[in-house]
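The values are calculated or read from the model by the stated rules, or taken from the named source; none is laboratory data. This structure is a prediction, so every number in the text was calculated from the model and none was measured. Here Cβ is always computed from backbone atoms with ideal geometry, including for glycine, and neighbour counts include all displayed protein chains.
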């Protein structure tokens, strides 16, 4: 089976040159408790993942094709295919152009990706917001001594995906993505625009941005679906978001700050995320480095804006990097909701087994009073073990 | 007239370079008139002088990591270096990883500094994220190998103080100059490096590294030197042997290109995102 996948993947590389890379993985997920809601899957699930990436450089041109596939055994809603990248880049000396489907990352903070807005989050993949759906866009950049300015035009909006009846980590009422509504009469065809400036001066890296377009986060409105069941209907507003992200890097310390101000979702609201990361190098005379992270999130949005779990939350974590040949790493962290005393513990560990095989373990435990926004997840403590083969 | 002046300048330059090139005999003559520290500095300056003007280089590197049980792990890296003529600053380097495959496309940009931490950015291709990272500790392992960031970073005269010890024969009957170098950077992983420098070509043949407890930590040997552009010597193989954990790393360099046309603007944070 694996052999055939490889042979199929190698066809473009053999016939067109270029390079093929990526991974395929098997995943086992285990939920600690029986589900909270009727219809949700049981405690054990398996999945297969595949993400090949084909890259072809030709002079100043770069072509990229990067599809992603998840086949989920128990939950068909979670099985999905997404074109993460399908793009043409042209790189001149001090400017560049990109057209197609791509991914863009903004920001510096680890535990909330506040200013990062170009791509829709792939909520089916992770709850930490780091997996993104491919975004159709055109990008023009000018790279100068005084900084880089990038212009983005996005002709098509990607809706956020949510699990179905069978899915764990869902709300009691299903989110009916088929009935999604938009503030713009153009629906998902309403174009988005963004501009971003980045630069660094000495120890300071700074980014300033403005985004005008459809909010990546929907507001949930109560409604009924075609079967007459009570559901949540996503409603996507048009917003204007202005943001700043700054990092100061001094010896062992990283100081990070992100801030946004958003209009278009009820009253204008502001949010900040900031914190520090300190690294203790070569702990106890070993090769290992220990990173200590503390971050704080504040968000003063009102009821006409999409709900957030980051209204008044703290995050503390430690990152242990062994700096060994297998690149073994452990990240253990905890979110604390300062209003409700909900705690979320998470641990991520990974190590290479050989130069091509890697194993990852991820676990999350929801604890506390469950009066707040993540109460729906109180029976969804989980662990995921993933074995990946890179090529 | 113009041609004559040019000729004169040319002859002067030719004469001055010949006159400036340090030889073993010069060093022998100086042993009585100059201190070992002065001679050490002259040797270090000569090494650097003979290796300036390459502008930029690119090379493909393969690292073979061997643990105490001789199990191997392979790293493949594309390396780009930009020479920064200003002696108060270090060179700029870009490294892009091809293997192991889980980090393929990951890139490091380093603007090295002499006496303070380097400016360093990491590009994570899957997240499309450029991350400024702390590089206070240059002594940490590079990719789990026995080379530290310090070992592979640009060699600048002002990064050390020196002391000339003696002339000493290296393997293969190469006449060597034994020089001690003491790192000036306060977070260096070493208290001392002992260098054996080829007395004719002014290139390192062997280096012993002493840790912060002043014990012998590692020995680096250089093999298969080849001269490029009639000037620059580069080794085909470097071996770093750790005496304390019995691990070793072999670093092979191939496809060296000098004056590769890279510019300062190719070594910027924004250009990291172009790399694959």
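Confirm whether residue A:180 is within 14 Å of another protein chain (Cβ to nearest Cβ) and either over 30 Å from residue A:91 (Cβ atoms) or crowded, with 18+ Cβ neighbours inside 10 Å (or both).
The answer is no for residue A:180.
Tell me which residues, restricted to the stretch B:267-276, are more than 8 Å from chain A (Cβ to nearest Cβ) and not in a loop (DSSP other than H, G, I, E, B).
If the condition is that a residue be more than 8 Å from chain A (Cβ to nearest Cβ) and not in a loop (DSSP other than H, G, I, E, B), then B:272 is the only one that fits.
Go through (1) surrounded by 17 or more Cβ atoms within 10 Å (Cβ to Cβ); (2) touching a residue at least 12 places away in the same chain (Cβ under 8 Å) for residue A:246 and report which single condition fails.
(1)
Considering only the stretch B:140-187, how many residues are in contact with a strand residue (DSSP E or B) (Cβ under 7 Å, 6 or more places away or on another chain) and at pLDDT below 85?
Matching residues across the stretch B:140-187 total 2.
Every residue in the stretch B:81-107 that is in a loop (DSSP other than H, G, I, E, B) and within 14 Å of another protein chain (Cβ to nearest Cβ), please.
Of everything in the stretch B:81-107, those that are in a loop (DSSP other than H, G, I, E, B) and within 14 Å of another protein chain (Cβ to nearest Cβ) turn out to be B:100, B:104, B:105, B:106.
Away from every other protein chain (no Cβ under 14 Å), touching a helix residue (DSSP H, G or I) at 6+ places or on another chain (Cβ under 6 Å) and surrounded by 15 or more Cβ atoms within 10 Å (Cβ to Cβ), is that true of residue A:366?
Against the criterion (away from every other protein chain (no Cβ under 14 Å), touching a helix residue (DSSP H, G or I) at 6+ places or on another chain (Cβ under 6 Å) and surrounded by 15 or more Cβ atoms within 10 Å (Cβ to Cβ)), residue A:366 qualifies.
Please indicate, with yes or no, whether at least one residue in the stretch B:127-138 is in a loop (DSSP other than H, G, I, E, B), within 14 Å of chain A (Cβ to nearest Cβ), without any contact (Cβ under 8 Å) to a residue 12 or more places away in the chain and out of contact with any helix residue (DSSP H, G or I) (no Cβ under 6 Å at 6 or more places or on another chain).
Yes, that holds for at least one residue.
Can you tell me how many residues within the stretch A:15-43 are within 14 Å of chain B (Cβ to nearest Cβ) and in contact with a helix residue (DSSP H, G or I) (Cβ under 9 Å, 6 or more places away or on another chain)?
The qualifying residues number 7.
Does residue A:192 satisfy the condition of being modelled with pLDDT under 95 and buried (at least 17 other Cβ atoms within 10 Å of the Cβ)?
Considered against the rule, which asks whether it is modelled with pLDDT under 95 and buried (at least 17 other Cβ atoms within 10 Å of the Cβ), residue A:192 comes out as no.
Given the structure, is residue B:180 away from every other protein chain (no Cβ under 14 Å), touching a residue at least 60 places away in the same chain (Cβ under 8 Å) and outside any helix (DSSP H, G or I)?
Yes.
Residue by residue through the stretch A:44-64, note down the ones that are out of contact with any helix residue (DSSP H, G or I) (no Cβ under 8 Å at 6 or more places or on another chain), assigned to a strand (DSSP E or B) and more than 11 Å from chain B (Cβ to nearest Cβ).
Matches in the stretch A:44-64: A:44, A:45, A:46, A:47, A:48, A:49, A:58, A:61.
What is the number of the single condition among (1) in a strand (DSSP E or B); (2) touching a residue at least 24 places away in the same chain (Cβ under 8 Å) that residue A:216 does not meet?
All conditions are met except number (1).
Return yes or no: is residue B:209 surrounded by 21 or more Cβ atoms within 10 Å (Cβ to Cβ) and either within 15 Å of the chain's Cα centre (by Cα) or part of a loop (DSSP other than H, G, I, E, B) (or both)?
When the stated conditions are applied, residue B:209 passes them.
Could you check residue B:115 against (1) within 14 Å of chain A (Cβ to nearest Cβ); (2) within 26 Å of residue B:86 (Cα to Cα); (3) surrounded by 19 or more Cβ atoms within 10 Å (Cβ to Cβ) and say which number it fails?
With (1) within 14 Å of chain A (Cβ to nearest Cβ); (2) within 26 Å of residue B:86 (Cα to Cα); (3) surrounded by 19 or more Cβ atoms within 10 Å (Cβ to Cβ) applied to residue B:115, the lone miss is (3).
With a cut-off of at least 1 residues that are at the interface with chain B (Cβ under 10 Å from one of its Cβ atoms), name the strands (runs of 3 or more DSSP E) lying wholly within the stretch A:250-361.
It comes to A:253-263, A:269-280, A:289-299, A:312-321, A:343-352.
Given (1) assigned to a loop (DSSP other than H, G, I, E, B); (2) modelled with pLDDT of 95 or more, identify the lone condition not met by residue B:218.
With (1) assigned to a loop (DSSP other than H, G, I, E, B); (2) modelled with pLDDT of 95 or more applied to residue B:218, the lone miss is (1).
Exactly one of these conditions fails for residue B:261: (1) in contact (Cβ under 8 Å) with a residue 40 or more places away in the chain; (2) in a strand (DSSP E or B). Give me its number.
Looking at each condition in turn, residue B:261 falls short on (2).
Please state which one of B:22, B:94, B:65, B:61 is more than 17 Å from the chain's Cα centre (by Cα), within 30 Å of residue A:354 (Cβ to Cβ) and touching a residue at least 60 places away in the same chain (Cβ under 8 Å).
Within the list B:22, B:94, B:65, B:61, the selection yields B:65.
Which members of the stretch A:38-50 meet the condition of being at pLDDT 90 or above and surrounded by fewer than 19 Cβ atoms within 10 Å (Cβ to Cβ)?
A:43, A:44, A:46, A:48, A:49, A:50
Which numbered condition in (1) buried (at least 20 other Cβ atoms within 10 Å of the Cβ); (2) within 28 Å of residue A:181 (Cα to Cα) is the only one that residue A:127 fails?
Of (1) buried (at least 20 other Cβ atoms within 10 Å of the Cβ); (2) within 28 Å of residue A:181 (Cα to Cα), only one is false for residue A:127: (1).
Name the single residue, out of those in the stretch B:239-266 being within 14 Å of chain A (Cβ to nearest Cβ) and within 20 Å of residue B:99 (Cβ to Cβ), that is farthest from the chain's Cα centre (by Cα).
B:247
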